[in-house]
Amino acid sequence: MRISPFDLERWLAESAADAAVSLAGRDVRPPPTEDFDLDPGRLGAAVPTGGSSAFSVDLGAYHGREASETIVTPGLREANLLAALAVVDEHAVVVTPASTSFLGLADALGDVTAVRLEGPGWTLDPAAIGAALEPWTDLVAVVNPNDPTGRSHDEATMRAVYERCADNGTYLLCDERFRPLDPDPIPPVAARGRYGISTGSVSTAFGLAGLRVGWLCGPPAVVSAAESWADYTSGPPSGIGLHVAEQAFDRRGSILPKTRAHVAENRTAVEALLDAHGLAWSDPDCGTRALCAVPEGFAGGRSFCRSVLTEASVALAPGEAVGCPDRFVIGLGAPASELEAGLSRLDTFLQRHR
């Protein structure tokens with residue numbers, strides 16, 4: 001198996017070490033530690049592959065599936081990996097731009113066709129998905145709400161995409177990490193029928209990236225194959241991570257409104273800065289990142305982000321890492337004080353380079 005370097009993750013790892021402030025990530029500020037019971041009982045107790053049965057019941061219900069159609073994983077990336085390993089044999093269709101591992105995973109396992117969203121609307125055309133399907137297409141992969149644009153694909157669009165996949169006998173995998181941030185979300189893809197697969201985690205919307213707890217919900221055959229692969233990969237999530245993730249998911253009614261309000265406030269601050277400098281952006285309606293135009297005078301997103309990192313000690317993400325070389329990515333989830341500090345540094349930088 002050959003695998004391409006994950007350009008975005010390599011950049012984030014490199015820039016994080018050099019930046020005073022990082023505004024490149026997708027995760028939100030975490031809830032207070034004291035809000036959780038951190039005692040999982042016996043630290044040596046083994047968690048079975050697939051995770052907790054009680055948690056699986058709740059996750060399954062949330063996605064219109066049974067506990068037996070759910071597997072809990074060590075993070076969202078593991079869930080997406082297991083889905084790809086379980087399903088992809090010959091051909092996959094991947095909706096881009098996307099900051100997930102979908103493109104690299106699919107390319108490592110079979111042939112890939114990219115269906116590209118274009119600005120300023122960044123809308124997904126179901127007809128384009130239909131045109132990309134081959135009789136042997138195993139999987140269509142999409143992130144909704146999209147990352148890095150922060151734009152949502154609506155109910156009619158996702159229903160039409162699912163119907164095209166189902167008619168072709170192709171699974172539709174949707175990375176739904178940002179779905180909990182939508183106060184009125186459309187149904188999860190896993191609830192749409194036998195070809196629907198949803199993945200998610202407590203990392204992004206819940207602000208609990210350090211737990212590394214994610215999940216996959218879908219048809220029994222896919223979940224069974226994913227669990228078999230999990231026995232050979234990372235196995236189950238950690239016991240303490242699972243213990244806290246269960247609490248967070250159970251309290252989502254109180255946690256998520258606070259997260260939405262926090263992201264909305266940060267969005268307003270970022271938009272004001274971009275407007276002040278005449279920089280267009282993807283105008284996100286959900287999610288915790290946005291795609292922004294590179295100012296004039298820079299060769300592209302990487303050149304701009306490298307200059308900002310060197311001169312202002314602020315980490316952003318280059319658009320080249322998500323296939324958009326004339327853009328850069330900015331996060332909306334940082335703690336308010338960090339965002340304010342980062343935007344102040346970025347403002348000074350942009351004024352200097354007018």
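What follows is calculated from the coordinates using simple rules that are stated; it is not laboratory data. Just so it is clear, the structure is predicted and the values come from calculations on it, not from any experiment. In this analysis, Cβ positions are derived from the backbone assuming ideal geometry, glycine residues included, and neighbour counts consider all displayed protein chains.
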Loop GluC sites (Glu not before Pro), the stretch 16-84, which have at most 15 other Cβ atoms in a 10 Å radius of their Cβ (DSSP): Glu66
Between helix 220-230 and the chain, what is the angle of the helix's C-alpha long axis to the longest principal axis, kept within 0 to 90° and rounded to the nearest 10? 70
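Excluding Pro5 itself, calculate the net charge of residues whose Cβ lies under 13 Å from the Cβ of Pro5, where each Lys or Arg counts +1 and each Asp or Glu counts -1.
Numbers: positive: Arg2, Arg10; negative: Asp7, Glu9, Glu14, Asp107, Glu320.
The answer is -3.
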Taking 2.2 N^0.38 Å as the expected size of a compact globular protein, what ratio does the Cα radius of gyration of the stretch 147-216 give against it, to two decimals? 1.16
Rounded if a/c under 1.5, otherwise prolate or oblate - the chain, Cα gyration tensor axes: oblate
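Dividing the Cα convex hull volume of the stretch 90-188 by residue count, how many Å³ per residue is that? Numbers along the way, then the final one.
Working: hull volume 8.6 nm³, N = 99.
Spread over its residues, the Cα hull of the stretch 90-188 gives 87 Å³ apiece.
Under a Cβ-only charge scheme (Lys and Arg +1, Asp and Glu -1), can you give me the dipole magnitude of the chain about the Cα centre, in debye to the nearest 20?
Numbers: 28 positive and 46 negative charges, 81 e Å.
Taking the Cα centre of the chain as origin, the dipole is about 380 debye.
Once you compute Rg and the Kirkwood Rh from C-alpha atoms, what is the Rg to Rh ratio for the stretch 277-331? Before the final figure, lay out the partial values.
Values: Rg = 10.6 Å, Rh = 11.2 Å.
We get a ratio of 0.95 for the stretch 277-331.
Would you kindly state how much longer the chain becomes between Glu265 and Ile3 on full extension, computed as 0.36 nm times their sequence separation minus their alpha carbon distance, in nm to one decimal? Intermediate values should be presented prior to the final figure.
On the way: separation 262, 0.36 × 262 = 94.32 nm, distance 3.85 nm.
So the chain would gain 90.5 nm between Glu265 and Ile3.
Roughly how many debye, to the nearest 20, is the charge dipole of the stretch 191-302 about its Cα centre, given +1 on each Lys and Arg Cβ, -1 on each Asp and Glu Cβ, and no other charges?
Values: 10 positive and 10 negative charges, 48 e Å.
My answer is approximately 220 debye.
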Between 0 and 90 degrees, rounded to the nearest ten: what's the tilt of helix 336-352 against the longest Cα principal axis of the chain? 40
Among Phe36, Ala312, Ala160, which residue has its Cα furthest toward the positive end of the charge dipole of the chain, with +1 on Lys/Arg Cβ and -1 on Asp/Glu Cβ? Ala312
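From the Cα gyration tensor of the stretch 212-354, with a ≥ b ≥ c the square roots of its eigenvalues, which class applies: rounded if a/c is under 1.5, or else prolate if a/b is larger than b/c, or else oblate?
Taking the square roots of the gyration eigenvalues as a ≥ b ≥ c, the stretch 212-354 is prolate.
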If you take the charge dipole of the chain about its Cα centre, with +1 on Lys and Arg Cβ and -1 on Asp and Glu Cβ, which of Phe328, Thr100, Gly200 is farthest toward its positive end? Phe328
Estimated distance in nm for a label pair at Thr113 and Ser344, the labels positioned 7 Å out from Cα along Cα-to-Cβ: 5.2
Pairing the Cα long axis of helix 252-276 with the longest principal axis of the chain, what angle in degrees results, from 0 to 90 and rounded to the nearest 10? 30
Rounded to the nearest 500 deg cm²/dmol, what is the calculated helix-only ellipticity per residue at 222 nm for the chain, with -39500 (n - 2.57) per DSSP H run of length n ≥ 4? -12500 deg cm²/dmol
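Are there chymotrypsin sites (Phe, Trp or Tyr not before Pro) in the stretch 199-307 that DSSP marks as loop and that have at most 14 other Cβ atoms within 10 Å, and which are they?
Numbers: sites: Phe206, Trp215, Trp229, Tyr232, Phe249, Trp281, Phe298, Phe304; in loops: Phe206, Tyr232, Phe298.
Loop-located and lightly packed - Tyr232.
Rounded, prolate or oblate for the stretch 34-125? Axes are the square roots of the Cα gyration tensor eigenvalues, ordered a ≥ b ≥ c, and the cut-off for rounded is a/c under 1.5.
Values: a/c = 2.37, a/b = 1.91, b/c = 1.24.
It comes out prolate by the Cα gyration axes.
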